[in-house]
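The values are calculated or read from the model by the stated rules, or taken from the named source; none is laboratory data. Every value quoted in this text rests on a predicted model; they were computed, and no experiment measured them. FYI the Cβ positions are ideal-geometry reconstructions off the backbone, even for glycines, and counts take in every protein chain you see.
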Amino acid sequence: MWVCVVLFLSVLSTGHWAIGCPDKCICWRDGHVSCVDQRLRGVPPGLPPTTVNLDLSWNSIAGIPARTFENLTQLRYLYLQGNEISHISGDALMTIPSIQELWLSENQLQEFPWEVVPRLSSLLRLDLQNNRLSHLPSDNLPPFPALTWINLAYNEIATIEGGFLASQPVLETAAVHNNPFSCNCSLQSFREWLDATKVSVPNNADIVCAGPRHLRGRNVMAVPLSALTCRPPTITIYPTNINVLVGHTTVILCNATGDPDPDVEWILPMGAVISAASKTRRIRVLPDGGLLLSPVRQTDAGTYMCIATNQEGRANATASMNVTRLDCSTGECRPSGPILTDSVPVRIFVTSVTSTSALIQWFPLADEPLVLPLPYRVLYYRVGESLQQTAVLKQGVSLYKIKNLKPSSRYSVCVTQSIMPQDDHCMEFRTEDAELTHTYITIGYTLGSVVLLLVIATIVYCYMRCYRRKRRAMVQRSLNAVNLSNNHATIPRAENGMAVHMNGHG
């Protein structure tokens, strides 16, 4: 019994609480709670209301709902790194007004409730490293009153408004490296802030441009302000006049370019506006800005307008579509005129790619008759450019080599028997870097030279070995001849000497 009492007192002396602590957690009397690496899928209920330091690192927590921390009003240190958090409620943070450190690195956050941070008057450190954040708040957000340290490294941030960091009154350290920065006019204020700030910016050598292409890989601080420019959108629509059968599928291409990349939306004939974010199924905007209609209805006939917008301006272009029904009055169903027909579905493969070419191969997935059979056509263009190349092939051909491509570029290629390809008739590929191809050529030349040298060295070695063998044989024959000659010369002397010796002895 006394042993049990001693053990109980020893546990109390270490500060460990066995009562009022959730399963898979360890609680101490000083307010420290550890639930590290317990495969938790959510914040466990029943946490002590006196919790000051809560460590939930390296679990499988997917989200932080609004009422998660409502009883933890004394919480100051919250560790949530290494989870799978994709959403955190601003209301959840508002229930912990005393929070001083918030650690959220190694998660899946695409958005963060920045609007509540100015009301967290005690927040000193905020770690958002290695998430999927792509946007930061604008300059008009109130400052964060106590924030001294923020880590935004290894996210998907393309631009930072200089005022966002400059407006923080007590900021001492800001880590922003290893983000895909777009070095255009939207980054000018951030670039100016980097030049003027006294805030510590660690690893600034890794603050580099991801685009545009001519600045890719350059350090942001080395790019002149005059080079941080933008371009208004330009649009090319193809085709501009379309004839299509009811029930078929069509795509209107809208190649919109600009810097930064413009947002694309479409105005339909009845006035509805849709974008890539719209939830429509039959009519939708494709990732490259094209408009897909499947299946086409009679009411889809009319004028379609593609609109591209960025901070430098706006551009638009239109296309007209005529929808035709099959005329079966003569007993044979025929279209009233040339139409855009569906194509037999194909599966496309890019079998080999270099820095300037790509070999395309395709296989039909069905043997369906077309209303107007057409030969296969290969359509391809460089993503971001409006110029589209077309090659019309002979029937039966299922292999085509695209040449004269640009290195390090993304291309879209479609194979179709119709005027316009369907969504599943296309795919994208990327050409290799020119330096990589040059490296392969250099390696090839080097290996070839090494092999040639080895062959030459082998021939020389064999020749020298044969030469030495013949020379040794010649020398040996000469030595044998000399020895033989010496033997014949010394035998008579030996006999004479022996005769003299014998005579003398006798």
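Things to note:
- Yes/no for residue 214 being of a type outside the set (A, V, I, L, M, F, W, C) and without any contact (Cβ under 8 Å) to a residue 12 or more places away in the chain: yes
- Some residue of segment 48-69 being of a type in the set (Lys, Arg) and at pLDDT 95 or above: no
- Tally of residues being at pLDDT 90 or above and either over 25 Å from the mean Cα position of the chain (by Cα) or closer than 18 Å to residue 300 by Cα (or both) across segment 258-281: 11
- Cβ-Cβ distances below 8 Å connect the following pairs, each with a first residue in segment 59-82 that is farther than 20 Å from residue 106 by Cβ, a second residue that is of a type in the set (Asp, Glu) and surrounded by fewer than 22 Cβ atoms within 10 Å (Cβ to Cβ), and a separation of six or more residues or different chains: 66/91; 67/91; 76/101.
- Looking only at segment 233-254, residues that are in a loop (DSSP other than H, G, I, E, B) and among the polar types (S, T, N, Q) come to 2 in all.
- Test: residue in segment 295-313 that is of a type in the set (A, V, I, L, M), closer than 23 Å to residue 244 by Cα, surrounded by 13 or more Cβ atoms within 10 Å (Cβ to Cβ) and in contact with a Leu (Cβ under 8 Å, 6 or more places away or on another chain): yes
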